[in-house]
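Down below is the structure, laid out as structure tokens.
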Amino acid sequence: LGSLSQNQNTYDGLTRIKNVQSIEMGKARMTPWYFSPYPQELCSLPVIYICEFCLKYLKSKNCLRRHKTKCKLFHPPGNEIYRKNNISVFEIDGRKNKNYAQNLCLIAKLFLDHKTLYYDTDPFLFYVMTEYDQFGLHMVGYFSKEKESSEDYNVACILTLPCHQKKGYGRLLIEFSYLLSQVEGKLGSPEKPLSDLGLLSYRSYWSNAVLEALIQYLDSPTESPPSLTILELCDRLCMKKEDVISTLQHLNLIHYYKGQYVICLSNEIIDQHRKSMFRRKVRIDEKYLQWQPKDWSKRGKW
């Protein structure tokens, strides 16, 4: 996933210029796409070295080696709220783990073409997805969300690291964000407006989710003819009404018939979807989530 939310403010010209040549994080060396406000003395170096567990940035390989002898982390800070096989998700409070959250925003800004909050991480929760091996739990991507969102947005910012893209992690992150909305008993949606790349990513997830729900409904014993309203579909998917309707229109499934709008699914669309889902090897499994939502409105200043 790339840029999610489009920023409507006019950019300062300097912040459009990529200022970091490359970063090294664990086994991966990545070339940034955009500006990020790292200290100026580091930006003149060919590589910025980043501890893959605490995300501290360092100026040399030797500094990183010395840091590793002191750093006790082998996973992100915060609470591990999901684990299945080698995939885990950690919930990190932007106030309690401010340094980690700010360093995560610095990394995200290298690959997201919008102004990521850097200094004020207090109002946000960060959900970091990791992949496990014998050396620790390595970050593959993350999303953030506001502790209190008046619009019930379930994602503020989302990123899969470039070295882990094309592996399905972006879809897993989106799927996980909707699982949290389900547990909260809310209809979720990402912050709007979406960028072009963000819209492509979400439209792919929404299309699969809507088709899966419709096909499951058709496969279950129901009245004849089957009757499922848009609002019932929203409740099943924990998706906002406007996202469900735009997805049905994108898939060209809504038709006007005998004075009312109906959803039409062809056998061809059903077959295509089943083939697509068969290829998906990894899914989020709600049985492995250990998490209870907090009422942040009753917790003072977080």
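The values are calculated or read from the model by the stated rules, or taken from the named source; none is laboratory data. This is a predicted model, so every value here is computed, not measured. FYI the Cβ positions are ideal-geometry reconstructions off the backbone, even for glycines, and counts take in every protein chain you see. Note: accessible area is taken over every heavy atom of the protein model, side chains too, but ligands, DNA and RNA are not part of it. Shrake-Rupley method; radii C 1.70, N 1.55, O 1.52, S 1.80 Å.
What to note about this one:
- Candidates PHE111, PHE143 - the one that is of a type outside the set (A, V, I, L, M), open to solvent by less than 10 Å² (accessible area, probe 1.4 Å) and in contact (Cβ under 8 Å) with a residue 60 or more places away in the chain: PHE111
- Tally of residues being buried (at least 20 other Cβ atoms within 10 Å of the Cβ) and aliphatic (A, V, I, L, M) across segment 224-247: 4
- Against the criterion of being in contact with a Cys (Cβ under 8 Å, 6 or more places away or on another chain), open to solvent by less than 20 Å² (accessible area, probe 1.4 Å) and of a type in the set (A, V, I, L, M), ALA101 does not qualify.
- Some residue of segment 283-299 being over 17 Å from GLU212 (Cα atoms), without any contact (Cβ under 8 Å) to a residue 24 or more places away in the chain and more than 26 Å from the chain's Cα centre (by Cα): yes
- Of the residues making up segment 32-44, one or more are out of contact with any strand residue (DSSP E or B) (no Cβ under 9 Å at 6 or more places or on another chain), over 20 Å from LEU172 (Cα atoms), of a type in the set (S, T, N, Q) and surrounded by 19 or more Cβ atoms within 10 Å (Cβ to Cβ).
- Failed condition for ASP120, given (1) at pLDDT below 95; (2) open to solvent by less than 50 Å² (accessible area, probe 1.4 Å); (3) of a type in the set (Asp, Glu): (2)
- Members of segment 247-271 found to be touching a residue at least 12 places away in the same chain (Cβ under 8 Å) and either under 22 Å from the mean Cα position of the chain (by Cα) or part of a helix (DSSP H, G or I) (or both), listed by number: THR247, LEU248, HIS250, ILE269, ILE270
- Residues located in segment 252-291, provided they are within 23 Å of PHE176 (Cα to Cα) and either at pLDDT below 85 or open to solvent by less than 70 Å² (accessible area, probe 1.4 Å) (or both): HIS273, SER276, MET277, PHE278, ARG279, ARG280, LYS281, ILE284, ASP285, LEU289, TRP291
- Taken over segment 292-302, the criterion of being of a type in the set (Lys, Arg) and modelled with pLDDT under 90 is satisfied by LYS298, ARG299, LYS301.
- Residue count for segment 148-161 under the criterion of being modelled with pLDDT under 95 and open to solvent by 20 Å² or more (accessible area, probe 1.4 Å): the result is 5.
- Taking the numbered list (1) touching a helix residue (DSSP H, G or I) at 6+ places or on another chain (Cβ under 9 Å); (2) under 20 Å from ASP122 (Cα atoms) in turn, TRP33 passes all entries but (2).
- Pair list, Cβ under 7 Å, 6 or more apart: segment 70-96 residue farther than 19 Å from TRP296 by Cβ, other residue open to solvent by 20 Å² or more (accessible area, probe 1.4 Å) and of a type in the set (Ser, Thr, Tyr): TYR82/TYR288; ARG83/TYR288; LYS84/TYR288; ASN86/TYR132; SER88/TYR132
- If you filter segment 46-88 down to residues that are among the β-branched types (Val, Ile, Thr) and touching a Lys or Arg at 6+ places or on another chain (Cβ under 8 Å), you find that the one that is surrounded by the fewest Cβ atoms within 10 Å (Cβ to Cβ) is VAL47.
- Residues in segment 172-214 that are under 13 Å from the mean Cα position of the chain (by Cα), among the charged types (D, E, K, R) and under 20 Å from PHE90 (Cα atoms): GLU175 alone.
- Residue pairs meeting the criteria (Cβ under 8 Å; at least 6 apart or on separate chains; first in contact (Cβ under 8 Å) with a residue 60 or more places away in the chain and part of a loop (DSSP other than H, G, I, E, B), in segment 50-66; second open to solvent by 40 Å² or more (accessible area, probe 1.4 Å) and not aliphatic (A, V, I, L, M)): PHE53/PHE74; PHE53/HIS75
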